[in-house]
Amino acid sequence: MTSTQHEICVTSELANLANIGSFVSERARLSGMSEKQVFHVQMAVDEACTNAMVHAYQGDPEGEVRVCCYLEGNDFVVEVVDQGQVFDASNVPEPDLGRPLEERDIGGLGLFFMRKLMDSVVFVAPHEGGNQVIMRKHVGERLS
Amino acid sequence: MTDSHQTLPPAASIAPSGRLDASAVPTLERKLFDALQAGVAHLTIDLSQVSYVSSSVLRCFLLAQRQADRQRTHLELVEVQPRLMDTFELCGFDRVLHCSPSSVSSS
């Protein structure tokens, strides 16, 4: 069963990340998540929205980023949608976190956090263009 | 005649506050690299008032640490809040950055 959807729609300015963070944290908290889980959801959504603003819109602040939250069964679901350039997450290599500092590639950390902090992260390329990221996290503590 | 002797500041400290997401990077980066360019021997980043750091800020810390290593500046992140320390540990940054946890217990 899916609950009522709650949505925030902002322009692609990085200054809007804080508003998105507050919105998502409040919705996650109201869904019954622990503060640790709320923090994880907020971080994953922040990374997804940063990707939309920086990579999909390539820094253009006139784009639109839509974030939608709802409960589906015991899962808190967040969808992040943009109309920017298609972003192929499969092209982004996982960061090698075991390498020495000087040899570390500094990219890929945002996707790493999204995948690590959420139970599921799916990238969709909508027919009408842009990107859609669907992230799920089970409400209630798991092993993480 | 010019005086070639320069006295460099031995230490500097930066204390950002609040939520450090991608929008905070340009200012933070400028402050960090200005301090490093001044050639300090010890640079402290006080995170006691920081509630959140995103991956772009972690990347900024990583670049600053690289530069610090090259010029032999000791860079240290202090008063790291428990939730931020969890983030550092998750991506292994606790192994490449010098960071010490908050002295204030969260429990």
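Structure summary
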{"read-out": "Degrees between helix B:25-37 axis and first principal axis of chain B (Cα, 0 to 90, nearest 10)", "value": "40"}
{"read-out": "Residues A:Cys9, B:Cys99, B:Cys91, sorted so that the one with the fewest Cβ neighbours within 10 Å comes first", "value": "A:Cys9, B:Cys91, B:Cys99"}
{"read-out": "11 Å beta-carbon shell around A:Gly63, net charge (K/R +1, D/E -1)", "value": "-4"}
{"read-out": "Rounded to 10°, Cα long-axis angle of helix B:55-71 versus longest principal axis of chain B", "value": "30"}
{"read-out": "Spin-label model distance (nm) - A:Asn91 vs A:Thr2, 7 Å beyond Cα toward Cβ", "value": "3.0"}
{"read-out": "Partner chain coverage, peptide B:94-101 - average Cβ within 10 angstrom", "value": "1"}
{"read-out": "Neighbour cut-off at most 11 other Cβ (10 Å), DSSP loop, trypsin sites (Lys or Arg not before Pro), the range A:63-142", "value": "A:Arg142"}
{"read-out": "Positive-end residue, the range B:20-101 charge dipole about Cα centroid, Cβ charges, pick of B:Ser55, B:Met85, B:Ala35", "value": "B:Ala35"}
{"read-out": "Residue exposure sequence - B:Leu77, B:Leu58, A:Leu30 - by fewest surrounding Cβ within 10 Å", "value": "A:Leu30, B:Leu58, B:Leu77"}
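Every read-out reported here was derived from the displayed coordinates using simple, explicitly stated rules and does not represent laboratory data. All of these numbers come straight from a predicted model, not from anything done at the bench. Neighbour counts run over all protein chains shown; Cβ positions are idealised from the backbone, glycine included.
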